[in-house]
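Asks: Have a look at the structure that comes next, please.
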Amino acid sequence: MAADMRLPTLRKTVALSESTSDRKNLVVPGDVITSDTGFMRGHGTYVDEDKLTASVAGEVQRVDKLICVRPLKTRFNGEVGDVVVGRITEVQQRRWKVETNSRLDSVLLLSSVNLPGGELRRRSAEDELTMREYLQEGDLISAEVQSVFSDGALSLHTRSLKYGKLGQGVLVQLSPSLIKRQKTHFHNLPCGASIILGNNGFVWLYPTPGGLDEEEAGGFYTSLEPVSVSDREVISRLRNCLLALAAHKVLLYDTSVLYCYESSLQHQVKNILKPEVMEEVVMLTQHKLLEQEG
């Protein structure tokens, strides 16, 4: 039986410069946010002896006079326009139930999906009977939050050609608080793979498609062509980089993932998740991000 033995190494710790304003925005339960009575109490706060106090650990967010604390570790609280990656859990009458890492299952209505071929017409009884031909239990989809119900459940839609059923790839489940909100969450990385950074913490890695067959199929096309070994290695490296960044609580967006990928090229894919290699790769990534910002 093969054994992996690692000897202790002396590593020089490098302190990353952090602004004091970033530290002030982080609170733990019981921390006094402000004693000013002119602010309104938002989620994650309570009033104790005329002082606004945090009830959860997280980041303080101020919108005009409203103060709330966004938890660092929580279920996904969706907003209209969020990009999500989810898994079909149930097929119901004229709708699908989707697991999106939120408190309640999300809903994808039959009227909120593109018909195969991109047809524009009213949904008929025949469409309802053939729902499992479009999407069935276990299928992965990318979608956008269309609205939020009164109980907090999300209503999704896949009416754009960039959304729809996902084909071959790797799903990585991370904390939603680590995903940075951006204008677009679909990225074709120069390393030869593509990534969908779902706001719900589900990240989808897949080989960059070469053709435009997906657009012709209206979002239901899934390629079953064998994926090359080089593409699989790139995706595996990206997956390990995501786990390394998440373990060190680094915000995930296209630049941070790409820098981490470049920093890990000197190591084998299987070694990236070793603690000392992970720390080295993440440290290099953080330095590159600081240089870019500075």
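Asks: Take the range 24-78 and flag every residue that is surrounded by 13 or more Cβ atoms within 10 Å (Cβ to Cβ) and charged (D, E, K, R). Give the steps one after another, and end with the answer.
Replies: Filtering the range 24-78 down to residues surrounded by 13 or more Cβ atoms within 10 Å (Cβ to Cβ) leaves 25-27, 29, 31, 33-34, 39, 41-45, 51-62, 66-72, 74-78.
Residues satisfying the conditions are ASP31, ARG41, LYS51, GLU59, ARG62, ARG70, ARG75.
Asks: Restricting to the range 246-271, count the residues that are open to solvent by less than 10 Å² (accessible area, probe 1.4 Å), more than 18 Å from GLN182 (Cα to Cα) and among the hydrophobic types (A, V, I, L, M, F, W, C). Steps first, please.
Replies: Restricting attention to the range 246-271, the residues satisfying the condition of being open to solvent by less than 10 Å² (accessible area, probe 1.4 Å) are 252, 256-257, 260, 263-264.
Those still in the list that are more than 18 Å from GLN182 (Cα to Cα) too: 260, 263-264.
Now narrow it down to the ones that are among the hydrophobic types (A, V, I, L, M, F, W, C): 260.
Selection size over the range 246-271: 1.
Asks: Give me a count of the residues in the range 144-169 that are in contact (Cβ under 8 Å) with a residue 60 or more places away in the chain, in contact with a strand residue (DSSP E or B) (Cβ under 7 Å, 6 or more places away or on another chain) and closer than 27 Å to PRO71 by Cβ.
Replies: 7
Asks: One residue is enough: does the range 29-46 have a residue meeting the conditions of a type in the set (Ser, Thr, Tyr), modelled with pLDDT of 70 or more and touching a Cys at 6+ places or on another chain (Cβ under 7 Å)?
Replies: Kept after step one, since they are of a type in the set (Ser, Thr, Tyr), are these residues of the range 29-46: 34-35, 37, 45-46.
Among the residues that remain, those that are also modelled with pLDDT of 70 or more are: 34-35, 37, 45-46.
Now drop any that are not touching a Cys at 6+ places or on another chain (Cβ under 7 Å), which leaves 45.
So far as the range 29-46 goes, yes, one or more of its residues are of a type in the set (Ser, Thr, Tyr), modelled with pLDDT of 70 or more and touching a Cys at 6+ places or on another chain (Cβ under 7 Å).
Asks: Please work out which one of (1) open to solvent by 10 Å² or more (accessible area, probe 1.4 Å); (2) under 22 Å from the mean Cα position of the chain (by Cα) is the condition GLU128 fails and give its number.
Replies: (2)
Asks: Within the range 61-86, which residues are part of a strand (DSSP E or B) and in contact (Cβ under 8 Å) with a residue 60 or more places away in the chain?
Replies: Taking the range 61-86 as the starting set, the residues that turn out to be part of a strand (DSSP E or B) are 61-63, 66-71, 76, 83-86.
Hits for the range 61-86 are ARG70, PRO71, PHE76, VAL83, VAL84, VAL85, GLY86.
Asks: While we're looking at this one, here's another question. Working carefully through the options LEU16, LEU52, LEU26, find the one that is at pLDDT below 90, out of contact with any helix residue (DSSP H, G or I) (no Cβ under 8 Å at 6 or more places or on another chain) and aliphatic (A, V, I, L, M).
Replies: Details: LEU16 fails: out of contact with any helix residue (DSSP H, G or I) (no Cβ under 8 Å at 6 or more places or on another chain); LEU52 fails: at pLDDT below 90.
Matching residue, one of LEU16, LEU52, LEU26: LEU26.
Asks: PRO190: over 18 Å from the mean Cα position of the chain (by Cα) and open to solvent by 80 Å² or more (accessible area, probe 1.4 Å), yes or no?
Replies: Details: over 18 Å from the mean Cα position of the chain (by Cα): yes; open to solvent by 80 Å² or more (accessible area, probe 1.4 Å): yes.
Yes, satisfied.
Asks: Then there's this: For GLU99, indicate whether it is under 17 Å from the mean Cα position of the chain (by Cα), open to solvent by 60 Å² or more (accessible area, probe 1.4 Å), within 27 Å of LYS180 (Cα to Cα) and modelled with pLDDT of 90 or more. If you could, list the steps in order and put the result at the bottom.
Replies: Values: under 17 Å from the mean Cα position of the chain (by Cα): yes; open to solvent by 60 Å² or more (accessible area, probe 1.4 Å): no; within 27 Å of LYS180 (Cα to Cα): yes; modelled with pLDDT of 90 or more: yes.
No.
Asks: Considering only the range 155-194, how many residues are polar (S, T, N, Q) and not in a loop (DSSP other than H, G, I, E, B)? Lay out the reasoning, then the answer.
Replies: Quick first cut of the range 155-194, residues polar (S, T, N, Q) only: 155, 158, 160, 168, 173, 175, 177, 182, 184, 188, 194.
Applying the additional criterion that residues be not in a loop (DSSP other than H, G, I, E, B) yields 155, 158, 173, 177, 188, 194.
Of the residues in the range 155-194, 6 are polar (S, T, N, Q) and not in a loop (DSSP other than H, G, I, E, B).
The values are calculated or read from the model by the stated rules, or taken from the named source; none is laboratory data. Everything numeric here is computed off the predicted structure, so don't read it as measured data. All Cβ positions, glycine included, derive from the backbone under ideal geometry; neighbour counts span all protein chains shown. These area figures cover heavy atoms from the full protein model, side chains too; ligands, DNA and RNA do not enter into them. Shrake-Rupley method; radii C 1.70, N 1.55, O 1.52, S 1.80 Å.
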